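Here's the structure we're looking at; comments come further down.
The values are calculated or read from the model by the stated rules, or taken from the named source; none is laboratory data. Given the structure is predicted, the values throughout are model-derived calculations rather than measurements. Cβ placement follows ideal geometry from the backbone for every residue including glycine, while neighbour counts extend to all protein chains displayed. Protein only, heavy atoms only, side chains kept; ligands, DNA and RNA dropped before computing areas. Shrake-Rupley method; radii C 1.70, N 1.55, O 1.52, S 1.80 Å.
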Amino acid sequence: MSSPGERAPVGDSVAAGRSAQVVASALVGARFLPIWLAMGALVVVGAVFEPNTLDNASWSYVLPYATILAIAALGQMLVVMHAGIDLSTAGVISLCGNVLVGVSVGSGHGLTVGILVCVALGALVGFVNGLLVGVVRLNPLIVTLAVGQIVLAYSSKYAREHTISLQIPGSLASWAANKPLGISAVFWTGAAITVVLALLLRWTAPGRRFQAVGANPRAAWMAGLRVRSHVVFAYTAAGALYSLAAILLAGVRITIDPAFGASYLLAPIAAVVLAGAALSGGLASATSTWIAAIALTFLTEMLLIFGLSAAMQYIVFGVAIIVGMLMSGDRAASLLGRLLRRLEAAGTEVTETTS
């Protein structure tokens, strides 16, 4: 054993560093692994009890709608990473759907202008949310719920005054109906957005700063990072992603109705949490969020094919979400962390005893 004045052997330091890396990797993996296992379990259940859930007709429904939910959930993920929550999702999607028709069809400006206006409008709503939450320091739950209601009310007013037809531009419907390599173009678009976002968060300096601010705002502020600016950016980017989800949903649905976007109030939040993100902020995974969106949509399709009544579908869906929360990646990572700390403490005691 080395004397108090001597340095610890270099080999011990390297081993300790490697051990810390293994522990960190295990904790991150445990956080995001459960949703992948749950998706695999759903596929096995479908294959055993109702193989029709896995045929082409079923996936032709699941993939486009799962993609739309995933894009909205990615926006929600950015907000949750900064310990926020956004309940304006449904309002933004409804407004952008109506504005897309009003600008591109009603006003005759064309699809490109309609898409640009929608994205700008979604980002504007997100920017307002970000200012009220990040700068004014208002409660995100109350603020986004209020903003969402205001946006939803204006969406109804806009639809009455500016929407001549509920039909979306034919070019958007034709594009959404395309199936490159046999899979919906909506899916490929959503997959590309997810990959780009995942790469930006993980492999770029701004992305790593964004994650660092969400994981520990106080430490980030002490390091000189602008915490409030990151919060505003998170809500703004989320609003832009909601608008993209609205455009994709319009392409799939072909028409805009009064309930357009209503189902996206809470589903994106469920997808983010089931994917392993903690509502207290911190790390999140874009790819796991994507898988969570597919799992939720696939579960809905399974319940329809099983022929369950509407009441039973809501019961099973609710129970599945509760079980998913109980087995969420965040809880799994916390349990694994406590276990590893106990093992490390036990190992330290053994080492000291033998020394």
Given (1) polar (S, T, N, Q); (2) more than 15 Å from the chain's Cα centre (by Cα); (3) surrounded by 22 or more Cβ atoms within 10 Å (Cβ to Cβ), T297 misses just (2)
Within region 181-200, of all residues that are in a helix (DSSP H, G or I) and modelled with pLDDT under 90, the one surrounded by the most Cβ atoms within 10 Å (Cβ to Cβ) is G182
Screening T67, T53 for residues that are of a type in the set (V, I, T), surrounded by 14 or more Cβ atoms within 10 Å (Cβ to Cβ) and modelled with pLDDT of 90 or more leaves only T67
Exercise. Quick check: is even one residue across region 127-134 assigned to a helix (DSSP H, G or I), open to solvent by 10 Å² or more (accessible area, probe 1.4 Å), out of contact with any Leu (no Cβ under 7 Å at 6 or more places or on another chain) and under 30 Å from F32 (Cβ atoms)?
Worked result: yes
When region 136-171 is checked residue by residue, the ones that are aliphatic (A, V, I, L, M), at pLDDT 90 or above and in a helix (DSSP H, G or I) are L141, I142, V143, L145, A146, V147, I150, V151, L152, A153
Any residue that is touching a Pro at 6+ places or on another chain (Cβ under 9 Å) and open to solvent by 20 Å² or more (accessible area, probe 1.4 Å) - is there at least one of those in region 145-165? yes
Hey, G40 out of contact with any Phe, Trp or Tyr (no Cβ under 7 Å at 6 or more places or on another chain), over 30 Å from F306 (Cα atoms) and part of a helix (DSSP H, G or I) or not: no
